[in-house]
Amino acid sequence: MKLAMFDDGAGPQSGVVIGEQIAPTGIAGALADLIPQWSSVEARVKQAAETAPRVPLSRVKLLAPVARPGKVFAIGLNYADHIAESKMETPQTQVWFTKAVTSINGPFDPIQIAKDSAHTDYEVELVAVIGKRGRYISRAEAPSYVFGYCVGNDVTERMWQHRTPQWSLGKSFDTHAPIGPWITTGDEVGDPHDLGLRCFVNGEKRQDSNTKHLVFDIWDQIEHLSYAMTLEPGDLIFTGTPGGVGAAMDPRKFLNAGDVVRCEIDKLGAIEATLTSA
Ligand code: ZN
């Protein structure tokens, strides 16, 4: 199932995406509220998908499927080609940083280049959405803790990322975590480690890879993160970006106001944003 948050003019509500249409679930509250009680509401949502009047997607505004997650973690250096272009060693231990929850942005909302900034960059990433609370989750158990997946852009201010050893500030600027266009549930995705992912800037393909090239796969990531902390429904995990980022091009090509960045992943759809100046 594809689950979205949308606004048709009457305020945010959750819905099921079917082809080019969306059917409201009719359940009050946000999609994020449905995730922890999914086993008890799934049948109701399925029924809404079959019976509720559908609206064309072109007539609604799609919103971030989780507007204010409890936490947003992202892994660095997790595709071989991106490690090589970053001139780094393949890490023996997973390298994690947080993105501030306030950096979450809608799938088609503008991405802001901060005041006086000239180093804003893109990173297409598969994002896993946690469905169940848990700690010390084993690799074998990990798939049952994922609710679904969406497309993410781990937008980064490279100067702020690299002028200190800790990356979180450079990764946490407002609007720098667009996600969507909806959450595709795990059962519909099947194997998340065989999905093509691509990023385009003004139509030019910059990144083109497949999640089968992840250094640490999603199950390893969940095992590792949940050793340290309890994962909760709605938490987001950005699973790494492949090669082709602007910072690694020669000459470097950072994003400018007016540029259009499109990130797409097989089975999950695409998100697209225009860059704006602060
Ligand atoms: Zn990233």
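The values are calculated or read from the model by the stated rules, or taken from the named source; none is laboratory data. Nothing here was measured: the structure is a model prediction, and the numbers come from that model. No Cβ is skipped: glycine too gets one built from the backbone with ideal geometry, and neighbour counts run over all protein chains shown. Side chains included, ligands, DNA and RNA excluded: accessible areas come from the protein's heavy atoms. Shrake-Rupley method; radii C 1.70, N 1.55, O 1.52, S 1.80 Å.
Quick one: length gained pulling K253 to T102 fully straight, 0.36 nm per residue minus the C-alpha distance?
Stretched out fully, the K253 to T102 stretch lengthens by 51.7 nm.
What angle, in degrees between 0 and 90 and rounded to the nearest 10, separates the Cα long axis of helix 218-228 from the longest principal axis of the Cα atoms of the chain?
For 218-228 against the chain, the angle is about 90 degrees.
Residue by residue through region 185-202, which ³J(HN,Hα) values in whole Hz follow from phi under the Karplus form 6.51 cos²θ - 1.76 cosθ + 1.60 (θ = phi - 60°), with glycine and proline marked x?
For region 185-202, the Karplus curve yields 5, x, 5, 6, 6, x, 6, x, 9, 8, 10, x, 9, 9, 10, 10, 10, 6 Hz.
So, with a 1.4 angstrom probe, what is the percent of accessible area on the chain that is carbon and sulfur?
C and S fraction of accessible area: 50 percent.
Counting only pairs 8 or more places apart or on different chains, how many lysine pairs in the chain have C-alpha atoms closer than 15 Å?
8
Which ³J(HN,Hα) values, rounded to whole Hz and listed in residue order, are derived for region 54-67 from phi using the Karplus coefficients 6.51, -1.76 and 1.60 in 6.51 cos²θ - 1.76 cosθ + 1.60 with θ = phi - 60°, glycine and proline given as x?
Couplings: 8, 10, x, 4, 5, 9, 10, 9, 7, 10, 4, x, 10, 6 Hz.
On average over all directions, what projected area in square nanometres does region 21-142 have, based on the convex hull of its Cα atoms? Write out the running numbers ahead of the final one.
Details: hull surface 45.9 nm².
So the mean shadow area of the Cα hull is 11.5 nm².
Could you give the length gained on full extension between K205 and S138, defined as 0.36 nm per residue of separation minus the Cα-Cα distance, in nm?
20.4 nm is the gain from fully extending K205 to S138.
Express the C-alpha Rg of region 2-62 as a ratio against the empirical globular expectation 2.2 N^0.38 Å, rounded to two decimals.
Normalised by 2.2 N^0.38 Å, the Cα Rg of region 2-62 equals 1.01.
How much length is gained if the chain between R59 and M229 is pulled fully straight, taking 0.36 nm per residue apart and subtracting their Cα-Cα distance, in nm to one decimal?
Numbers: separation 170, 0.36 × 170 = 61.20 nm, distance 4.06 nm.
Full extension from R59 to M229 adds 57.1 nm.
Given q = 0.15 Å⁻¹, what are the Debye log10 I(q)/I(0) values for region 135-270, with equal point scatterers placed on the Cα positions and solvent ignored?
The Debye formula, applied to the Cα set alone, gives -0.84.
Using a simple spin-label model with points 7 Å from Cα along the Cα→Cβ vector, what separation in nm is obtained for E89 and H162?
The answer from the label model is 1.9 nm.
Need one number: the % of Cα-Cα pairs in region 86-210 sitting beyond the 20 Å mark.
Counting pairs separated by more than 20 Å, the tail of P(r) holds 53 percent.
Of the listed peptides 11-23, 48-60, 232-244, what is their order by residue-averaged count of other C-beta atoms within 10 Å, with the highest listed first?
My ranking of the peptides, most packed first, is 232-244, 11-23, 48-60.
Looking at the chain as a GNM with Cα springs under 10 Å, which of R198, R44, R68 has the largest mean-square fluctuation?
Sorting by GNM fluctuation, first place goes to R44.
Kirkwood hydrodynamic radius of region 30-77 from all distinct Cα pairs, in Å?
One decimal place: 13.5 Å for the Kirkwood radius.
Non-local amide H neighbours of G148 (under 5 Å, H modeled in plane, Pro and chain starts lacking H): which ones?
V129, G186
Arrange the residues Y136, Y145, Y227, Y122 by how much accessible surface each exposes, largest first, with a 1.4 angstrom probe.
Y227, Y136, Y145, Y122
Would you kindly calculate the translational diffusion coefficient of region 137-190, applying Stokes-Einstein with the Kirkwood radius from alpha carbon pairs, for 10 °C and a viscosity of 1.306 mPa s, and quote it in µm² s⁻¹ without decimals?
119
Taking the radius of gyration and the Kirkwood hydrodynamic radius from Cα positions alone, what is the Rg/Rh ratio for region 59-121, to two decimal places?
1.06
Considering Cα pairs under 8 angstrom that are at least six residues apart, work out the relative contact order of region 72-277 and quote it in whole percent.
Working: 528 pairs, mean separation 70.0, N = 206.
Averaging sequence separation for qualifying contacts and normalising by length gives 34 percent for region 72-277.
In terms of the Cα gyration tensor, with a ≥ b ≥ c the square roots of its eigenvalues, is the chain rounded because a/c is under 1.5, prolate because a/b exceeds b/c, or oblate? Let's see the in-between values first.
Working: a/c = 1.81, a/b = 1.29, b/c = 1.41.
Verdict is oblate for the chain.
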